[in-house]
Amino acid sequence: MYNSTCYNKLNFKLINRMTTRLILFSALISLIPLSLNASETYRQLNLFGDVFERVKSEYVDKVSDKKLIEAAINGMLTSLDPHSSFLDKKSFGEMRVQTKGEFGGIGIEVTMENGLVKVVSPIDDTPGSRAGLEPGDLITHLDGVSILGLTLRQAVGKMRGPVDEEIILSIRRKNVDPFKVKIRRAVIKIRSVRFEAIDDIGYIRITTFNQQTTPGLNRAILELKKQIGPSLAGFILDLRNNPGGLLNQAISVSDIFLNQGEIVSTRGREPENTSRVHAKSGDLTEGSKLIVLINNGSASASEIVAGALQDHKRAIILGTQSFGKGSVQTIVPLSKDIAMRLTTARYYTPSGKSIQKTGISPDIVVNAAKIEKDMVTNQRREADLRGALENTDKETQNDEADTSKSRRPTAKELANTDYQLARAVDLLRGLSLLEKRIVN
């Protein structure tokens with residue numbers, strides 16, 4: 001006879017390891033590439049089991065099975081491309097909130113490049129935008145701690161935090177010495193669409209593509225048509241520094257300006273997964289002239305819109321080369337609280353062009369620049385005269401100072417300093433004038 005108690009003690013670890021292996025095998029069997037033969041598949045699973053058990057038993061700190069498995073899944077997904085990732089309960093919740101147009105953070109869209117966080121675009125009217133962050137900036141440290149070794153999700157998680165708390169970002173920018181920026185976190189409420197009239201031109205800026213975008217654009221067009229009236233020369237659609245967002249919103253925004261034709265096609269791994277989306281009849285602008293502004297911060301959904309309008313010759317694309325993100329991510333729920341973001345397709349413009357890593361080339365290249373004050377106007381004011389008396393009315397001085405600091409510049413004011421916008425205004429007015437002369 002043998003001592004059953006002794007047997008159980010001696011074999012407890014073995015049984016526990018076998019149970020762990022079975023659980024891991026069932027969880028991971030569907031994740032191993034199908035190209036591997038059966039024996040290779042089990043060999044790879046066995047390797048994972050060995051690593052899992054060694055980490056679980058010998059790592060310096062105790063780590064839960066849940067954390068290890070989720071980290072393994074996330075590592076698998078992030079190794080595929082910069083946009084696939086595992087969404088735990090917190091990340092999944094934040095993603096759902098973000099698509100509704102409100103989330104917490106500093107207000108920048110980012111990606112990963114060579115182990116560093118790269119700014120795709122700062123979002124308008126957010127701490128990141130006000131701090132002067134620019135597309136292409138590389139974030140190397142957060143509060144003095146290097147980002148190297150972190151996943152994109154981990155880095156983003158560290159940039160988020162309690163509202164009103166400050167974070168210091170170390171920035172590396174092309175042709176500029178490394179510098180630091182202190183940013184105070186805030187609740188980011190994105191107003192997706194802004195609009196106003198620049199005299200006879202309807203200026204519309206889309207900052208991101210979320211659930212508010214299409215209704216906001218519809219309202220903007222109708223309001224501007226009503227406000228400007230018959231003298232409307234056309235529209236400027238500003239997609240600069242727009243990092244993208246929801247695919248369905250990019251499609252519906254394109255559809256607003258098109259009467260017919262393909263908007264975008266998406267192609268997955270299998271040919272049968274190809275889909276094409278076409279515009280419905282009805283151009284809300286009634287064929288008004290349209291100029292679309294893009295730059296290297298215009299990505300994803302912005303590029304879908306610019307590409308569709310360019311291929312159909314519906315708009316003149318003006319600015320600089322766009323970011324070049326031509327892939328589609330699908331959110332796949334794995335349970336009520338967790339999901340994965342998986343790249344499932346590439347998208348193509350109506351002409352069949354992929355913009356992945358190349359971007360949209362503008363019809364007219366206009367580099368970003370600021371128009372100096374002396375170029376805007378030669379008019380002199382009393383304040384410019386040497387020896388002019390000071391204004392002793394403190395209340396007036398304070399009002400003027402407060403206004404200049406807190407007031408957002410109007411589109412008309414921006415057109416006096418923003419070189420790309422100024423050229424778009426000039427071009428639109430020139431085209432309108434030419435058309436009137438031809439008609440006459």
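Brief remarks follow.
- Strands (runs of 3 or more DSSP E) completely within region 300-357 that count 1 or more residues being at negative phi and small (Gly, Ala, Ser): 327-333, 339-348
- Residue among Gln321, Gln310, Gln329 that is under 30 Å from Gly93 (Cβ atoms) and not acidic (Asp, Glu): Gln329
- Scan of region 167-210 for residues that are in a loop (DSSP other than H, G, I, E, B) and of a type in the set (S, T, N, Q), ordered by number: Asn175, Ser192, Thr207, Thr208, Asn210
- Among the residues of region 340-352, the one identified as farther than 17 Å from Ser275 by Cβ and basic (Lys, Arg) is Arg341.
- Selected residue (criterion: surrounded by the most Cβ atoms within 10 Å (Cβ to Cβ)) from residues of region 171-212 that are of a type in the set (Lys, Arg) and under 23 Å from Phe235 (Cβ atoms): Arg205
- Contact annotation: residue pairs with Cβ atoms under 6 Å, 6 or more positions apart or on different chains, pairing a residue in region 227-248 that is of a type in the set (Val, Ile, Thr) with a partner that is assigned to a helix (DSSP H, G or I), are Ile236/Ala424.
- Any chance Lys180 is within 16 Å of Phe323 (Cβ to Cβ), in contact with a Ser or Thr (Cβ under 9 Å, 6 or more places away or on another chain) and either without any contact (Cβ under 8 Å) to a residue 40 or more places away in the chain or aromatic (Phe, Trp, Tyr) (or both): no
- Scan of region 51-100 for residues that are surrounded by 12 or more Cβ atoms within 10 Å (Cβ to Cβ) and acidic (Asp, Glu), ordered by number: Glu53, Asp65, Glu70, Asp81, Asp88, Glu94
- Residues in region 280-295 that are surrounded by fewer than 22 Cβ atoms within 10 Å (Cβ to Cβ) and either in contact with a strand residue (DSSP E or B) (Cβ under 9 Å, 6 or more places away or on another chain) or on the phi > 0 side of the Ramachandran plot (or both): Gly282, Thr285, Glu286, Gly287, Ser288, Lys289, Leu290.
- Qualifying positions in region 139-161 - part of a loop (DSSP other than H, G, I, E, B) and either modelled with pLDDT of 90 or more or over 11 Å from Gly105 (Cβ atoms) (or both): Asp143, Gly144, Ile147, Leu148, Gly149, Leu150, Thr151
- One residue stands out in region 386-440 among those that are assigned to a loop (DSSP other than H, G, I, E, B) and at pLDDT 80 or above: the one that is surrounded by the fewest Cβ atoms within 10 Å (Cβ to Cβ), namely Thr410.
- Residue within region 31-50 that is outside any helix (DSSP H, G or I) and either at pLDDT 65 or above or polar (S, T, N, Q) (or both) present: yes
- The residues of region 319-353 that are crowded, with 22+ Cβ neighbours inside 10 Å and within 23 Å of Asp418 (Cβ to Cβ), listed by number, are Gly319, Ser322, Phe323.
- Residues that are part of a loop (DSSP other than H, G, I, E, B) and in contact (Cβ under 8 Å) with a residue 40 or more places away in the chain, drawn from region 104-133: Ile106, Gly107, Ile123, Asp124, Asp125, Thr126, Ala131, Gly132, Leu133
- Condition check for Ala383: among the hydrophobic types (A, V, I, L, M, F, W, C) and at pLDDT below 65: yes
- Residue count, region 300-316 (criterion: charged (D, E, K, R) and touching an Asp or Glu at 6+ places or on another chain (Cβ under 9 Å)): 2
The values are calculated or read from the model by the stated rules, or taken from the named source; none is laboratory data. If you're wondering where the values come from, they're calculated on a predicted model, not measured in any experiment. In this analysis, Cβ positions are derived from the backbone assuming ideal geometry, glycine residues included, and neighbour counts consider all displayed protein chains.
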